[in-house]
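Beneath this line is the structure, given in structure tokens, with notes to follow.
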Amino acid sequence: MRSLSLAALLTLLASPAAATVMVEVPLDDMARRADAIVVGRVVASEVRVVLDPVRGAEPHTLTELRVTEWIAGAGGAAVVIDELGGELAGQGLAIAGTPVYRPGEEVVVFLERADGRLRTFAMAQGRFEIRRGVGGVPDYVTRDLSDVAFVRWGAGGMTVDHGHDVPVALEVFIEHVRRLAAPRVTLPASPGGAGGREVSR
């Protein structure tokens with residue numbers, strides 16, 4: 001995670017970076033490890049400068065999601081996703097592999113808690129956009145992995161491959177994720193808490 005002074009933040013140009021190299025996280029692992037999984041529509045997304053007592057001034061992109069279903073976890077009708085990075089007036093911090101949310105999009109998002117905030121689990125790997133089919137084509141989900149490269153190990157050693165994804169029928173995808181998340185039980189939030197706590201059965 002990069003740290004910026006306020007002066008550096010205001011002068012650093014957001015330039016395209018090489019793909020972020022990461023270990024691929026299988027869907028089954030994400031469904032079991034994410035703190036929350038939600039289906040919803042993006043209401044708004046904006047960049048703010050956050051003054052962190054340790055890391056200094058950093059741009060954060062805050063995305064409000066109107067939730068239509070909590071597949072895992074518990075919460076209200078809306079959730080805010082907080083991602084490090086963003087651009088203000090053409091300047092800021094760009095981190096390849098960070099998911100981008102656009103108002104009006106329908107998404108299925110795997111979330112994790114970090115520093116008291118919710119962010120997308122495994123960066124772009126945890127954001128699935130819902131595309132509505134037309135002309136008899138079923139609805140489906142897909143991911144934008146254009147800024148991601150996956151490191152893999154095999155008999156020939158380590159390789160790095162550019163990320164790619166195959167669209168999956170929405171109904172099939174949702175039912176699969178529900179089955180994976182079903183063994184978890186959401187416990188009531190403690191007094192003053194911000195949400196439920198999950199345990200495995």
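Tabulated values for the structure
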item: Tally, over the stretch 100-117, of residues that are among the aromatic types (F, W, Y) and in contact (Cβ under 8 Å) with a residue 60 or more places away in the chain; result: 1
item: T120 being in contact (Cβ under 8 Å) with a residue 24 or more places away in the chain and among the hydroxyl-bearing types (S, T, Y); result: yes
item: Filtered residues of the stretch 76-102 (kept if over 15 Å from the mean Cα position of the chain (by Cα), part of a loop (DSSP other than H, G, I, E, B) and at negative phi); result: G76, A77, A94
item: Residue match in the stretch 130-149 (condition: assigned to a loop (DSSP other than H, G, I, E, B), closer than 13 Å to L65 by Cα and charged (D, E, K, R)); result: no
item: Residue satisfying condition, being crowded, with 20+ Cβ neighbours inside 10 Å, of a type outside the set (F, W, Y), more than 20 Å from W70 (Cα to Cα) and touching a Gly at 6+ places or on another chain (Cβ under 8 Å), within set L111, L93; result: L93
item: Some residue of the stretch 140-153 being closer than 19 Å to V39 by Cα, of a type outside the set (F, W, Y) and buried (at least 19 other Cβ atoms within 10 Å of the Cβ); result: yes
item: Flag for T68 being in contact with a Phe, Trp or Tyr (Cβ under 6 Å, 6 or more places away or on another chain), free of Cβ contacts under 8 Å to residues at least 40 places away in the same chain and either assigned to a strand (DSSP E or B) or not small (G, A, S) (or both); result: no
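Only the coordinates and a few stated rules stand behind these numbers; no lab work does. Values in this document were obtained by computation on a predicted structure and should not be read as measured data. So basically every Cβ, Gly included, is an ideal-geometry build from the backbone, and we count neighbours across all protein chains shown.
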